[in-house]
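Peer 1: First, the structure itself, so that you have it in front of you.
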Amino acid sequence: MTSAAFGQALDLITRVRGVRGAMVVAQDDGLVVAEQLMEGIRGTALAALAASLATRLRKAMEAAGVGVSVFWHLQCEQGALLVVPAPSGVLLVAVAAADVNIGLVRLELLRAAEAVG
Amino acid sequence: MADDIKALSAQLAQEPQSLVFLRLGELLRQKRQFDAARRVALLGLERHPHLADAHDLLARILADLHDYEHAFDEWDMTLRIAPEHTGALKGLAFLYFKVGDLAQAEAHLHLAKRIAPEDASIDQAIAMARGGLEPAPAAERRSDASAAAATPATQAATAPLEESRVFAGLEGAQEGLLLVDTAGLVLGGALRSPAGEDVTDAVAAYLAGVSQEAARTAKLLGLGSWRGLSAEGRHGHVHLAPPTAESLLLVVRDRGVPLGRLAILAQRAVQAARRWLERQA
């Protein structure tokens, strides 16, 4: 997949009001594949933590019998981290403000995940 | 009693707008015909959605069915409509007792006592909630709906303290709620897979460190502290929340339970977990 294609996928996410940035992260090693982040967000550290959380969550969910994760959402006092794993093994990640429309970001993340395969 | 049920059913069929459903629903509940009782109560609520006694009736039926979460909602609604409804106060006291919150149980019973000082069953329930007296005989089950509301409170007082486990009284306490420490050791609750297999320890082990990583991620992003993590799986939904910095709560439900509702369930479980952890300290 070209970087332009990743860019288009990230555009789907970052155009949602309240989204402060989006990334494509390799789930296996936590490295950044592509990013569109607002200034001040440390992409490499975020990618590593998101991938690590995703891995732990995937294992816990599989052990619980609820299957692989389709979407997850870390809720914080002043914002949120939203993640959709794509079939190819990458994570679509969005950082959002507290008042963002979570449902809308979820939809765009799922569309982006479909686009990157 | 069977004749009464027949007669009341006939009366309700003739006068569907009447309040006879309250007596019929209560009779069915006493006969432990809970499905029929619930149908009668729900039909009554469709016609009288702002009738406190109707919500109270449904709550008692749900409590008998051990659906404590929805019983709580119905008694809560009863009190919103009629703040001095002693049946609802006693019912909520029962539910608080079930989750081990004896202080709240007693507070609700004291409030009920102020409203109905002549009701001796409340004194018995207060004494038993304190755990200092022998259990009183079971409340006489009378046929009128408001009097029968005494039953849950009395049941509360006679319920074994074993029910004071961390999630006792909450829906899914033994198959869909889990409290672990930061090392992934189980503090309370249990999990079963959709196939019925006990997966408590396996899931707990994978949850070790999740709380710290969630906190680190929130800090890195400058988003304050983390409040919860909702996840949608192919066959079910999960919600994680930190009752304290040293513990992590997991709620698991099938996909029929929306993520937003799961977060509400989790908040109730977090409150129960905090109270339980405080008592353990």
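The values are calculated or read from the model by the stated rules, or taken from the named source; none is laboratory data. All figures in this text were calculated on a predicted structure; none of them were measured in a lab. Neighbour counts run over all protein chains shown; Cβ positions are idealised from the backbone, glycine included. Please note that ligands, DNA and RNA were not included when accessible areas were found on the heavy atoms of the full protein model with its side chains. Shrake-Rupley method; radii C 1.70, N 1.55, O 1.52, S 1.80 Å.
Peer 1: Every residue in the stretch B:233-272 that is open to solvent by less than 10 Å² (accessible area, probe 1.4 Å), among the small types (G, A, S) and without any contact (Cβ under 8 Å) to a residue 40 or more places away in the chain, please.
Peer 2: B:G233, B:A241, B:A266
Peer 1: Could I ask something else about it? Need a quick list: strands (runs of 3 or more DSSP E) entirely within the stretch B:169-281 having at least 1 residues that are more than 10 Å from every other protein chain (Cβ to nearest Cβ) and closer than 17 Å to A:G67 by Cβ.
Peer 2: Fully inside the stretch B:169-281 and qualifying: B:247-254.
Peer 1: Something else: For the stretch A:30-77, what are the residues that are acidic (D, E), farther than 23 Å from B:G176 by Cβ and more than 7 Å from chain B (Cβ to nearest Cβ)?
Peer 2: If the condition is that a residue be acidic (D, E), farther than 23 Å from B:G176 by Cβ and more than 7 Å from chain B (Cβ to nearest Cβ), then A:E35, A:E39 are the ones that fit.
Peer 1: So is A:S88 closer than 23 Å to B:R234 by Cα, more than 9 Å from every other protein chain (Cβ to nearest Cβ) and among the polar types (S, T, N, Q) or not?
Peer 2: Taking the combined requirement at face value, the residue satisfies it.
Peer 1: Criterion first (surrounded by 18 or more Cβ atoms within 10 Å (Cβ to Cβ) and either more than 11 Å from the chain's Cα centre (by Cα) or modelled with pLDDT under 90 (or both)) does B:L43 satisfy it?
Peer 2: Spelling it out, it is not the case that B:L43 is surrounded by 18 or more Cβ atoms within 10 Å (Cβ to Cβ) and either more than 11 Å from the chain's Cα centre (by Cα) or modelled with pLDDT under 90 (or both).
Peer 1: Can you name the residue in the stretch B:1-32 that is over 25 Å from B:P83 (Cβ atoms) and small (G, A, S) and is also most open to solvent (accessible area, probe 1.4 Å) among such residues?
Peer 2: In this case the residue turns out to be B:A13.
Peer 1: Out of all the residues in the stretch B:264-272, is one or more more than 17 Å from the chain's Cα centre (by Cα) and of a type in the set (D, E, K, R)?
Peer 2: Narrowing the stretch B:264-272 to residues more than 17 Å from the chain's Cα centre (by Cα): none.
No, the stretch B:264-272 has no match at all.
Peer 1: Any idea how many residues of the stretch B:243-281 are of a type outside the set (D, E, K, R), farther than 20 Å from B:D101 by Cβ and modelled with pLDDT of 90 or more?
Peer 2: 3
Peer 1: Moving on to the next point. Kindly evaluate B:A150 against the criterion of being under 22 Å from the mean Cα position of the chain (by Cα), under 30 Å from B:E84 (Cα atoms) and modelled with pLDDT under 75.
Peer 2: Yes.
Peer 1: Hey, can you tell me all the residues within the stretch A:18-31 that are surrounded by 19 or more Cβ atoms within 10 Å (Cβ to Cβ) and not in a strand (DSSP E or B)?
Peer 2: The answer is A:Q27, A:G30.
Peer 1: If you check B:D35 against the conditions, is it acidic (D, E) and either open to solvent by 10 Å² or more (accessible area, probe 1.4 Å) or over 23 Å from B:L95 (Cα atoms) (or both)?
Peer 2: Against the criterion (acidic (D, E) and either open to solvent by 10 Å² or more (accessible area, probe 1.4 Å) or over 23 Å from B:L95 (Cα atoms) (or both)), B:D35 qualifies.
Peer 1: Could I ask something else about it? Can you list residue pairs whose Cβ atoms sit under 9 Å apart, with the first residue in the stretch B:93-119 being more than 17 Å from B:D76 (Cα to Cα) and touching a residue at least 40 places away in the same chain (Cβ under 8 Å) and the second being buried (at least 17 other Cβ atoms within 10 Å of the Cβ) and among the β-branched types (V, I, T)? Count only pairs 6 or more apart in sequence or on different chains.
Peer 2: B:G100/B:V166
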